[in-house]
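Asks: I'd like to ask you about the structure that follows.
The values are calculated or read from the model by the stated rules, or taken from the named source; none is laboratory data. Computed from a prediction, not measured in an experiment: that's the story for all the values here. Please note: Cβ atoms are built from the backbone with ideal geometry, for glycine as well, and neighbour counts cover all protein chains shown.
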Amino acid sequence: MAQFSYTVLGKDDHQLTGLITASTRELAVAALRQQGNKPISVHEVKTHTRRLTFKNKVRTKELMVFTRELSTMVSAGVPLPRSLETLAAQTENKYFREVINNVNHDIESGLPLADSLAKHPKVFSEVYVNMVRAGEAGGILDDILKRLATQVEKDASIKHKIHGAMAYPIVIMTVTIVAFFGIMLFIMPKISKIITDLGGSNASLPIYSRIMINISSFMQQNIIFILIFFCLAAFLFRRYIGTDKGRLWWHGLLLRIPVLGKVITKIAIARFSRTFASLMGSGVTVLEALQITGKAIGNRVIQKELVGIAEAVKNGQPLGKQILGSTYFPPIVGQMITVGEETGKIDEILVKVADFYEEEVDTVIDSLASIIEPVMIIILGTIVGLIAASVMGPIAGLSKQIG
């Protein structure tokens, strides 16, 4: 879709200007004529891609507050353009304010809210856009926005817990790597010289001391190549997992990691249940809900399985039965969906499933954090102890020989 700047003569022969969104210029002209206008000039607006910086980001909390306040204003009968104008004025994030103003401008140009939001995929996800579209079609936009605010809040809570659990291990690992490189590059060469001065070039050293000295010597001589290698490896790895094949392999690998795989699976089930329930409650069909939910889960392997399930459902198979036979969904989810299909309350039942698995995720993350911390301390202590032994042992032995 492209934007076109137009100048037209309205029904009362007044000259009007504005923007319209269409696939081609011909369609834009046709749309203007259907509105009863006489086009004078229609030109495509060339949009410049904004460079992505840390400032061009909308936090989950900001999106949640925006969604909830927009829901309140729509429920109170405030017109949508006026609601968006008010929310943009009170938003501190300049990038988000610009996005809201652009959305408001598109709405005033005659574009639906969902299509206006879809033009900003970095801020509004596909699930968000499709739920808004369903709300507009069913005339229940305020209710959908309330559901969206709850869903965004739940996702933010899970992300916050995961980041909190991983913060300490990442700090410890970073300190360990920096300390190892610092010791190997700056301290070990001096200690190696001291050992050589005390015992001579033919001094007998323990094998672990010789290994550490050889590693230090290799790193000193090839530090530039080592840094280039790691940077290149990181670049190629990120580029590979950015492809469909690479992302599928990486997500499958994550699911096979003993403890982490269970956490990812539980998060995916909780996200599937809540998103699917929200879409079904919004009047979206089962097939559309499966397609949208699969993209919102965040794991390509489980998404691929949901694509197969959607195909089976399209051929007339019950959804609950297909979930029961899946690899990553536990039997309880399939059974609950089957009950929901029989009672016609699948959205209510899946909300309870989502609540249950979100509590499970909280429990697993808390226990994971308590396990990772001592393990990281042991790893750090082992590395420091090995370096200390490789340094102090030879010095102590050579001191006795000299004595």
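Asks: Residues that are touching a residue at least 12 places away in the same chain (Cβ under 8 Å) and closer than 21 Å to E288 by Cα: find the helices (runs of 4 or more DSSP H) completely inside segment 69-139 holding 3 or more of those.
Replies: Answer list for segment 69-139: 113-118, 126-138.
Asks: Please determine whether any residue of segment 293-302 is crowded, with 19+ Cβ neighbours inside 10 Å and in a loop (DSSP other than H, G, I, E, B).
Replies: yes
Asks: Something else now. Considering only segment 69-76, I want to know if a residue exists there that is surrounded by fewer than 18 Cβ atoms within 10 Å (Cβ to Cβ) and among the β-branched types (V, I, T).
Replies: Yes.
Asks: Let me ask another. Restricting the search to segment 191-210, which residues are at pLDDT below 65 and either part of a helix (DSSP H, G or I) or in contact with a strand residue (DSSP E or B) (Cβ under 9 Å, 6 or more places away or on another chain) (or both)?
Replies: Within segment 191-210, just G199 meets the criteria.
Asks: Right, here's the next one. Give the residue that is modelled with the highest pLDDT, with candidates limited to residues of segment 262-291 that are more than 20 Å from Q322 (Cβ to Cβ) and over 17 Å from the mean Cα position of the chain (by Cα).
Replies: Here the answer is K262.
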